[in-house]
1. How far is it, in nm, from the label point at Thr42 to the one at Ile395 when both lie 7 Å from their Cα along the line to the Cβ?
2. Answer with a single label: of (1) 112, 39, 17; (2) 40, 25, 20; (3) 54, 23, 20, which was calculated as semi-axes √(5λ) of the Cα gyration tensor in Å from the structure in view?
3. Over region 34-276, what is the mean sequence separation of C-alpha contacts under 8 Å (at least six apart), divided by residue count, expressed as relative contact order in percent?
4. If I fit a long axis through the Cα atoms of helix 34-46 and take the longest principal axis of the Cα atoms of the chain, what angle between them do I get, 0 to 90°, rounded to 10?
5. Using the Karplus curve 6.51 cos²θ - 1.76 cosθ + 1.60 with θ = phi - 60°, what ³J(HN,Hα) values do you get for each residue of region 390-402, in whole Hz, with x for Gly and Pro?
6. Please give the helix 127-140 orientation as an angle from the longest Cα principal axis of the chain, in degrees from 0 to 90, rounded to the nearest 10.
7. Out of all DSSP beta bridges with both ends in region 237-353, state the antiparallel percent to the nearest 5.
8. From the C-alpha coordinates alone, can you work out the Kirkwood hydrodynamic radius of region 225-344, in Å?
Amino acid sequence: MHHFQYKQDELYCENVPLREIADRVGTPCYVYSHATLVHHFTVFDRSFEAVPHLTCFSAKANSNLAVLRLFSTLGGGADIVSGGELFRARKAGIPSERIVYSGVGKSAHEIDYALEEDILMFNIESTQELEAINERAGRLGRRARIALRVNPDVDPNTHPYISTGMQKNKFGIAVDSAFKAYEYARSLGHVEIIGVDCHIGSQLTDVTPFVDALKRLRLLIDRLQGAGISISHLDLGGGLGITYDQESPPLPHEYADAVLRELQGLSCTLIFEPGRVIVGNAGILLSKVLYTKRSPSRNFVIMDAAMNDLVRPSLYGSYHQIQPIEKRSREEQIVDVVGPICESGDFLARDRSLPMVKPGDCLAVMSAGAYGFTMSSNYNSRPRAPEVLVRDDRIHVIRARETWEELVRGESIPDFLS
C-alpha cells in the first residue's frame, strides 16, 4: 500500500500533485510519502506486538535525517553499518540503546565511537573483528555488548549481489563454527555476549528461507544455553521483499506468523532490521523528459535523472515501474528510458512499453524509496537530487539540491600548480 495515486488523471503524492513538486523543487528529485512511511513501519512493528521486540530500521536503505527521526518517534531504532550512519542516527535523535551495529569492516575509529555512544549491540562478523572490539573496549575501560552474526548457509533465492547468508558470501561466521566462536568470545574480558544475529539477504519474496535459517539458529541457541552462554537477544535481520513488478512477497503478519511459530518457547528479545519493506514503495524518483530520440533499432526517452541518481537498474538490472504524472490518451511505444551520463549502462528501463512522451513531460520512477538516494553519486559531476517529504497537502524539502560549489567542497589545488 502506498499513497501515490491518480486523481482525475493526475498523479499525486498524498494530497499534492507531483506536477506542483516538479515546478517548485525541480527535477530530478526524490519524493517520499509521510503517510506511507508511518503505515508501513506501524504494520511491520505491530506484527510482533505479542513478543518483546525492537524494530531497528536499516539505515542503509534510506538515511535521511527526517526519515530516521520519523521512525524514532514511532519507537523504532536503527541498524547501522558505518560510523557515518551512527552519526546520522544519533543526530536524528535515535537513542543509543536502540542501535545495533552490523557490517564486516568496522574500523578502530568507528568502534570507539560506537563504544562511547554505548550502543545496544555490535553484530560481530569475524574472529578478528571480535578481537579488535575486545581490544578497543579494554582501552576505553568498557565492555562491548555483542552478538555473533551467524551465516546459516541458506539460499535466499534473490539477486546474487544482495544474498548474504550463504557460505560463499563475505558475511558472518559459518554456523558450524559459531559455537566455538562463542566459547572464544566468552573467554575475552571486555565483551559481553547478549545475542545471536543472522541476515540472509534482501528482497526475499518467500518465508521459507527465513524459516530454514531460524531452524539452524534455534539449534545453536539451545546448545549455547546448555553450555551456560546466555542469549537474551536474537537479531533476525531484515530482507523482506516488496512488489516492484509481479512479485508477491509475504505480508508482514505472514512473516511474523512464520517466525513466531518457529520460536515458540524461546525467551529472547527479537530484533528486526527492516529497510526496503518500510521505505521502498514509500518513495519515487521524479524526473523530466529532456529529449526523445529514434534510431534505426531503438526508441529512447532521455531523462534528467540518471544512473547516478538511481543506480539499481544499471547495477542489478532491477525493474522499477515508470508512470507519467499526467494520464492522457496516447499511443504506446517500446522505449529505453535513459539518462544524460556518458555510459551505455545509464538507463532506468529497457524495452519498456510507455505512452509516447515529449520534452517537458514528467515521469515517476516508482518504488525508489529504498537504496535510491543512499546509493546515488556525483558521477559526471552531477549534483545529487533533493529529497522531499509530503505530509497530506504540505511539501517539506528534507534535503536541498546540491550546488556546483558543493561538488568541489573540500578539494584544493596545491601551491605548485598555482
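Computed from the coordinates by the stated procedures, all read-outs in this text should not be read as laboratory data. Quick caveat: nothing in here was measured; it's all calculated off a predicted structure. Please note: Cβ atoms are built from the backbone with ideal geometry, for glycine as well, and neighbour counts cover all protein chains shown.
1. 2.6
2. Read-out taken from this structure: (2).
3. The normalised contact order for region 34-276 reaches 20 percent.
4. Taking Cα atoms only, the helix is inclined about 30 degrees.
5. Taking θ as phi minus 60°, the curve returns 9, 10, 6, 10, 10, 9, 10, 7, 9, 8, 6, 5, 5 Hz for region 390-402.
6. Between helix and principal axis, roughly 80 degrees.
7. In region 237-353, approximately 75 percent of DSSP beta bridges are antiparallel ones.
8. 18.6
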